[in-house]
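Written below as structure tokens is the structure these notes are about.
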Amino acid sequence: MEPRLLLSDFLRQDLGLTGTHVGCEHGVCGACTVLLDGEAVRSCLILAVQADGHEVATVEGLGSVEDLHPLQAAFRQAHALQCGFCTPGILMTLVPFLDEHPNPAESEIREALSGNLCRCTGYQNIVDAVKLSTPVPAGW
Amino acid sequence: MKPAPFAYHRPETLDEALAVLAAHGGEAKPLAGGQSLIPAMNFRLARPAVLVDLNRITELSGIRQGGDGLHIGAMTRQRAVERDPIVARDAPLLAEAMPFIAHPQIRNRGTVGGSLAHADPAAELPAVMLALDAKLQVRGPAPRGVRSIPAGEFYTGLFETALAPGELLVDVTVPRAAPRSGSAFAEVARRHGDYALAGVAVRVTVDDAGRCREARIALLSVGDGPVLARKAAKAITGESPTPEAIREAADVAAAKDIDPPGDIHASPAYRRQLVAVLVRRTLERAFERARNG
């Protein structure tokens, strides 16, 4: 593989995992957020070769249409998405955040979302979805 | 593919990395966390012919307390510093500033050394290290070998540092704070995590009578690099930190220590106003902490 291939492009083009979206491709919008060894990172700011030997989790690993992750179910219930383009990145940002902060204050939720751009919702319903999910039970 | 082609090296040791850098001269660029370099490469504003990925060099990562202060390896992730209990106890200014650096996703990947060596004038870590009078350890080829550069001499211009070609920043040492020291950090950005329009990191020490013995006031986003507000520090040193004395020092910082740039986000006058307010607020908090600590 060419070393200049970004992890985001490797996931989408080589593995066909198109759940990870690419927006700005310079680390601002957060749409391409995935977990690298359990931590949220921008996959457009990592070379695919750098993930060698590490565990990468994408939105495809979160839940399925038949069996939604509790956070995905809360997003559906609270109408936390409209066009849905930013949603995978937001979910992958929030999952480790909620593991670390199982019962966050609203200000903490908004700060956690600060690295993800959403141009549809105005964020309010996303915050509501997180509140619906919290406090999160251990091992959710 | 977004970045232009490059030859990729992934050394496992510092010696190996230095050898690769030496072999390629100015053509090679070290890759730390990549949170500034890879965006620049995606835009093709940066087109290094050779990329030396430092991420497998475990000896460059870690936080430990040494005889001369707190040592932070250059490849230590910003998130690790943010969560570290030793940092919170021994370098509270650093701990306070960490959450202001971009977003968690960036801090999970970004490194201390990467930010310090990148020398973005809007970056938090250079100003914090300047306020803490930190020493930056650099390694390079002979004859220079190992050098220790005070933060105050490390920054030489816009995105410019004292690093010579082939040299790598390997460690930053934060000296132990004197007794009765206090610190504080504040910045103003349009959204949390955006580049700051202005920011301030201060550390002060008071004497038995509560007078200011030393003040280090470092400003960000108001010059070509981090700016040490020497005139403001001189104005407060030896004084009792009354609200009036603090306000005077803050006004000196805004009026005499800086020549801030104007851009679409803030005019020079607005940046001066921000500096006056932020220096006043951080000095108030830092002196209170020094008195209580």
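The values are calculated or read from the model by the stated rules, or taken from the named source; none is laboratory data. Predicted model only: the values in this text are computed from it and were never measured. No Cβ is skipped: glycine too gets one built from the backbone with ideal geometry, and neighbour counts run over all protein chains shown. Side chains are part of the model used for accessible areas, which takes the heavy atoms of the whole protein and leaves out ligands, DNA and RNA. Shrake-Rupley method; radii C 1.70, N 1.55, O 1.52, S 1.80 Å.
Worth pointing out:
- Residue within segment B:35-49 that is of a type in the set (Gly, Ala, Ser), open to solvent by less than 70 Å² (accessible area, probe 1.4 Å) and farther than 20 Å from A:Arg42 by Cβ present: yes
- Those residues of segment B:40-99 which are in contact with a helix residue (DSSP H, G or I) (Cβ under 7 Å, 6 or more places away or on another chain) and without any contact (Cβ under 8 Å) to a residue 40 or more places away in the chain, in sequence order: B:Ala46, B:Ile63, B:Gln65, B:Thr76, B:Arg79, B:Val81, B:Glu82, B:Val87, B:Ala88, B:Ala95, B:Met98, B:Pro99
- With a requirement of 2 or more residues that are hydrophobic (A, V, I, L, M, F, W, C), the helices (runs of 4 or more DSSP H) lying completely within segment B:43-127 that satisfy it span B:78-83, B:85-90, B:92-97, B:112-118.
- Looking only at residues in segment A:27-70 that are part of a loop (DSSP other than H, G, I, E, B), touching a residue at least 40 places away in the same chain (Cβ under 8 Å) and hydrophobic (A, V, I, L, M, F, W, C), the one that is most open to solvent (accessible area, probe 1.4 Å) is A:Val28.
- Any hit, segment B:193-205, residues being in contact with a strand residue (DSSP E or B) (Cβ under 7 Å, 6 or more places away or on another chain), open to solvent by 30 Å² or more (accessible area, probe 1.4 Å) and free of Cβ contacts under 8 Å to residues at least 60 places away in the same chain: no
- Restricting attention to segment A:103-116 and to residues that are in contact (Cβ under 8 Å) with a residue 24 or more places away in the chain and open to solvent by less than 50 Å² (accessible area, probe 1.4 Å), the residue that is nearest to the other protein chains (Cβ to nearest Cβ) turns out to be A:Gly115.
- Checked against (1) facing chain B (nearest Cβ under 10 Å); (2) open to solvent by less than 10 Å² (accessible area, probe 1.4 Å); (3) of a type outside the set (D, E, K, R), A:Cys24 meets all criteria but (2).
- Spans of strands (runs of 3 or more DSSP E) in segment B:130-181 with at least 2 residues surrounded by 14 or more Cβ atoms within 10 Å (Cβ to Cβ): B:135-139, B:146-150, B:168-174
- Of A:Asp99, A:Asp52, all but one fail to be of a type in the set (Asp, Glu) and closer than 26 Å to A:Glu2 by Cα; the exception is A:Asp52.
- Among the residues of segment A:44-68, the one identified as of a type in the set (S, T, N, Q) and within 10 Å of chain B (Cβ to nearest Cβ) is A:Gln50.
- The residue list B:Ala127, B:Ala131 contains one member that is closer than 26 Å to B:Leu45 by Cβ and either hydroxyl-bearing (Ser, Thr, Tyr) or not assigned by TED's automatic domain parsing to the domain that holds B:Ala198 (or both), which is B:Ala127.
- Residue that is surrounded by the most Cβ atoms within 10 Å (Cβ to Cβ), among those in segment A:71-102 that are away from chain B (no Cβ under 14 Å) and among the aromatic types (Phe, Trp, Tyr): A:Phe75
- Residues of segment B:5-16 that turn out to be surrounded by 13 or more Cβ atoms within 10 Å (Cβ to Cβ) and either charged (D, E, K, R) or closer than 30 Å to A:Val22 by Cα (or both), as a count: 7
- Test result for B:Val206, farther than 18 Å from B:Val128 by Cα and modelled with pLDDT of 95 or more: yes
- B:Gln105, sole failed condition from (1) under 21 Å from B:Val227 (Cα atoms); (2) touching a strand residue (DSSP E or B) at 6+ places or on another chain (Cβ under 8 Å); (3) buried (at least 24 other Cβ atoms within 10 Å of the Cβ): (1)
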